[in-house]
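Some notes on the structure that comes next.
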Amino acid sequence: MKVKRRLYLLILSTIICGVMALGGCASGEKTEPGEEASSREENTSGEESASGEENTSGEESPSAANNVGEFSMQDIEGQTYTQEIFADYDLTMVNVFTTWCSPCINEIPDLQKLCEEMKEQGVNVVGIALDTIGPSGSADAETVEIAKRLAEYTGASYPFLIPDAGYLNGRLSGINAVPETFFVDKEGNIVGETYSGSRSLEEWKEIVQTELKGVAQ
């Protein structure tokens, strides 16, 4: 019942925020969906993040590694993925989100459409649910269950991964605002820019086309 209540509050919060919300959420301490945390400052493209450092489109995250390296992650359904998830696509959009962030959830249907419409161009989408791993380093069962419901609610068929112990070769460490999106080529190299905040489908398509040109050079 607790999971159902949290999911209901989350969906209600998402609807209130509206599907056109373009903001972001500070990724500090997790609170119940639907509650407002005074410590969470809105983080949109071009605004300051919770750490006080500007993280905008066109600026790489300071915690970014050059390559994702070798890893093994499970998705919320228990399927195992390794670095080979990137090998079949010229470019993979990696969208880091949390289950309590309304702007993150609002853009998932658009990311699903992007995945469907741009697959033939060699583009894939992968989600990483940052809050599905607990303080002990193991998966948080309750949050994983919420992520499953969210995938169903938003119609997402691309994988929602649970962070591994190495936090994707350190790339996920230090993320203090979500959603955060970056790109990986088929060799596992982190390429292009890091994007903070959510965007519309058309905005993401334009960004992906730009990043595709970069890996083609």
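The values are calculated or read from the model by the stated rules, or taken from the named source; none is laboratory data. Because the structure is a prediction, the values reported are computed rather than measured. When we count neighbours, we look across all protein chains shown, and the Cβ atoms used for this are built from the backbone with ideal geometry, even at glycine.
Worth pointing out:
- Residue in segment 88-103 that is on the phi > 0 side of the Ramachandran plot and not basic (Lys, Arg) present: no
- Residues of segment 87-120 that are touching a Cys at 6+ places or on another chain (Cβ under 9 Å) and among the β-branched types (Val, Ile, Thr): Val96, Thr98, Ile105.
- Residue in segment 186-197 that is touching a residue at least 60 places away in the same chain (Cβ under 8 Å) and loosely packed, with under 14 Cβ neighbours inside 10 Å present: yes
- In the condition set (1) on the phi < 0 side of the Ramachandran plot; (2) at pLDDT 95 or above, Glu47 is compliant with all but (2).
For every residue, the table says whether it meets (1) over 22 Å from Leu201 (Cα atoms); (2) touching a helix residue (DSSP H, G or I) at 6+ places or on another chain (Cβ under 6 Å); (3) in contact (Cβ under 8 Å) with a residue 40 or more places away in the chain; (4) of a type in the set (Val, Ile, Thr).
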| position | (1), (2), (3), (4) |
| --- | --- |
| Cys101 | no, no, yes, no |
| Ile105 | no, yes, yes, yes |
| Asp110 | no, yes, yes, no |
| Glu116 | no, no, no, no |
| Val126 | no, no, yes, yes |
| Gly134 | yes, no, no, no |
| Thr143 | yes, yes, yes, yes |
| Ala151 | no, no, yes, no |
| Ser157 | no, no, yes, no |
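- Tally of residues being modelled with pLDDT under 95 and touching an Asp or Glu at 6+ places or on another chain (Cβ under 7 Å) across segment 160-217: 1
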